[in-house]
Each structure stands twice: as structure tokens, then as C-alpha cells.
Amino acid sequence: MSASGGTKAIVAALVANLAIAVSKFVAFLFSGSSSMLAESVHSLADSGNQGLLLLGGKKAKREATPQHPFGYGRERYIYAFLVSIVLFSVGGMFALYEGYEKIKDPHEIDAWYWPVGVLIFAIIAEIFSFRTAIKESNELRGKQSWKEFVRHAKAPELPVVLLEDLGALVGLVLALGGVSLALATGNGVWDGIGTLCIGALLIVIAIVLAAETKSLLLGEAAGLEEVKKIEEALVGDETVTAVIHMRTLHLGPEELLVAAKIAVQHDDTAAQVAAAINAAEDRIRAAVPIARVIYLEPDILRTPAH
């Protein structure tokens, strides 16, 4: 992932959400709309989430230490996982609670022009934020579908921002629908129903984010294309005749560990094997630049007995 691209998308989302959160809360104070309160908390939670992503990116850049010899690249995964928890608890659960309270004790919306005006402004602002995230993601996803990009991206920031912005846009439409129905019917229950829908949406997005970042935290291998490039680079000369087995692991979005047992000729000298290993490491790094930690073990390829 392009660190600058991810940061640009996060900052754009942060600025938009802070402005939207303030406007929504002001609209809630004037109108008493529970949808507006839920949406203001949602935007505030999103702003906090973008702050967490920026903090995770900064912490991940720390140098490796004897206690953490492979560095801190996975901090980006940890903070992305925290985002899913915040989205679930602060955003989703609060909206469900507020929607339930509004349905239980409905009241008409005052000063209708406040929530309607703010929601229209928020939709426009979110569209600009979402557009930035899409533009930055398109530079990375290549021929992948959006579903594949979210599922297989090793850098968590852009998928998180994409899903957050998508959820925010859908949530705003739900809020506008709830407020509009409440105004048209004079029944505040519709405002509460819109709030419940927002809560359910946020919880679904939080669960998707948690599942994807959990997989990254557990440790994911390199993509199929990268694995193929590494295998081809390993057998790039006469000394290395085959790859017996290989394991890859992402130490962070932009750092890959490669461990492989390679077959060499049985009559090669130690100097020849050492030179072949060094050459293979150079070829791997040239083919897959993020392969920064490489361990190669030479062995003799044994033919199974018949």
C-alpha cells in the first residue's frame, strides 16, 4: 500500500467526519431527532477511528528492538482491529439503544430544517471523502473486485476507510429517510426506526472489519502472485534446483518474511551454496521488494523410494 495514499484518505475522512459530527450535534440540539444524535455519535466515533489509524501508522514505523526483532509493522493491524470495536460499541450499540428509546417514547421533530439541511450537507461531505478513498484504492486494487480488495488487502487502512465511508453514506440516507417519514406522518417512531437501522448497519460493518483484521493479526501469507514470483526467483540459477517447501508471512503491510528449504546439488561446496543463497536472496528482493526478512535452508532433494 502507498503510505501517502492511505494517509491522504484517512485525513480526508477525518476532516469530513469532524465537520459533520459538529453539524449533526447542533441539528440534534435544535430538533431533538434521535437519528441526528445517533449520526453525530457515529461521525464522532469515525473521527476517533481515523485518529487510531493515524496513530497505528506512526507507531508501526518504530525501529526493531531486541525484544521485538521483527519490528512493529503489525501495530497497524492492532489499531485497525480497535477501530472495529469502537464502531461496534460506540457507533452501533449506541444507535440501537437510542433507536429503542425513541420508539418507546416517540415525540415530534422540532425545527425540521436543521436535520434535513445538515443531512444533505453531510451526504455531500461524505461523498467527497468516499471519492478520495475510492481514488486511492483504485491505484492498488488493480483487477481485483471491491470485495476481493477488502478481503485480501494487507494494508488495513484503505479498506477500513472505504467501509466506514460507505456505512456513513448509507447511514445518512437511512437517517434522512427516518426524519422525512417522521415529518410527513407526524410520528416520531419513524425517526427511531431509522436510528435502529443505522445501528444494525454499523454493527454489520464492524463485524466485517473485525473478521478481516483478525485474519491479518493471526498472520497472512503473501498473495499468490507474490509467492509465484518468489519461487521463480529462488530457482534462478544452476545451484538451486528446486524449492522443497516455503512459508511466507506478513510482518506488516509492507514487510514480508520468507522462509524456504531449497534443493542444491549434492557435490556443491559450502562456498558455492553460500553464494547461491546470497544470489537467491538478491533475486527475491528484486522480484518482491517487500520481502525484507529471508531465511533459506539448503538441502538435498531426495527422490521417494518405490
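The values are calculated or read from the model by the stated rules, or taken from the named source; none is laboratory data. No experiment lies behind these values; they were computed from the predicted model shown. Backbone-built Cβ (ideal geometry, glycine too); neighbour counts: all protein chains shown. To get the accessible areas, we keep the full protein, side chains included, count just its heavy atoms, and leave off ligands, DNA and RNA. Shrake-Rupley method; radii C 1.70, N 1.55, O 1.52, S 1.80 Å.
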_Multiplying the sequence separation of Leu29 and Ile207 by 0.36 nm and subtracting their Cα-Cα distance, what value in nm do you get?_
61.0 nm
*R0 = 45 Å: FRET efficiency of Ser89 with Thr269, Cβ-based, nearest 0.05?*
0.15
*asked:* Quick check for me: using +1 on Lys/Arg Cβ and -1 on Asp/Glu Cβ, what's the dipole size of the stretch 180-306 about its Cα centre, in debye to the nearest 20?
replied: 380 debye
*Rg/Rg_ref, the chain, where Rg_ref = 2.2 N^0.38 Å and atoms are Cα*: 1.31
_q = 0.16, 0.22, 0.25 Å⁻¹: log10 I(q)/I(0) that the Debye formula gives for the stretch 104-176, counting C-alpha atoms only_ = -0.65, -0.94, -1.10
*Added length on full extension, which subtracts the Cα-Cα distance from 0.36 nm per residue, Asn187 to Ala242*: 12.5 nm
_Viscosity 0.692 mPa s, temperature 37 °C, Stokes-Einstein D of the stretch 173-306 from Kirkwood C-alpha radius, µm²/s_ = 174 µm²/s
*So if we plug the beta-carbon distance of His152 and Lys261 into 1/(1 + (r/R0)^6) with R0 = 41 Å, what FRET efficiency do we get, rounded to 0.05?*
0.95
*Got a number for the accessible area of Phe70? Probe 1.4 Å, square angstrom, nearest 10.*
80 Å²
*lysines within cross-link reach of Lys61: Cα-Cα under 29 Å, excluding same-chain residues under 8 positions apart?*
Lys8, Lys135, Lys147, Lys154, Lys214, Lys228, Lys229
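With a 1.4 Å probe and all protein chains left in place, how much accessible area per residue does the stretch 1-112 have, in Å²?
Here the residues of the stretch 1-112 average 47 Å² of exposed surface.
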*Mind listing which GluC sites (Glu not before Pro) in the stretch 209-306 are in a DSSP loop and have 13 or fewer other Cβ atoms within 10 Å?*
Glu238
_Give me the extension gain from Gln67 to Val173: residue separation times 0.36 nm, minus the current Cα-Cα distance, reported in nm with one decimal._
33.3 nm
*Projected-area average for the stretch 140-189 over all orientations - Cα convex hull basis, square nanometres*: 4.6 nm²
*Counting Lys and Arg as +1 and Asp and Glu as -1, what is the net charge of the other residues whose Cβ lies under 12 Å from the Cβ of His245?*
-1
*Specify the longest stretch of the chain that does not include any exposed loop site, a site being one of the trypsin sites (Lys or Arg not before Pro) with a non-H, G, I, E, B DSSP assignment and at most 16 other Cβ atoms within 10 Å.*
144-301
*Loop-only check: which GluC sites (Glu not before Pro) in the stretch 70-151 are DSSP coil with at most 16 other Cβ within 10 angstrom?*
Glu108
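Largest first and in whole Å, what are the equivalent-ellipsoid semi-axes of the stretch 98-241 based on the Cα gyration tensor, each being the root of 5 times an eigenvalue? Let's see the in-between values first.
Details: eigenvalues 430, 52, 14 Å².
Each semi-axis is √(5λ); the values are 46, 16, 8 Å.
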*Hydrodynamic radius (Kirkwood) for the stretch 232-306, which is based on Cα pairs only, to one decimal in Å*: 12.8 Å
*Using a simple spin-label model with points 7 Å from Cα along the Cα→Cβ vector, what separation in nm is obtained for Leu55 and Glu297?*
4.0 nm
*Top to bottom by accessible area (1.4 Å), largest first, where do Leu224, Leu216 land?*
Leu224, Leu216
_Label-point separation, Leu18 to Ile120 (7 Å along Cα→Cβ), nm_ = 2.7 nm
*Any idea what diffusion coefficient the stretch 36-169 gets from Stokes-Einstein, in µm²/s, Kirkwood Rh on alpha carbon pairs, 25 °C, 0.890 mPa s?*
144 µm²/s
*asked:* Running a GNM on the chain with Cα contacts under 10 Å, which residue among Leu217, Leu140, Leu209 ends up with the highest mean-square fluctuation?
replied: Leu140
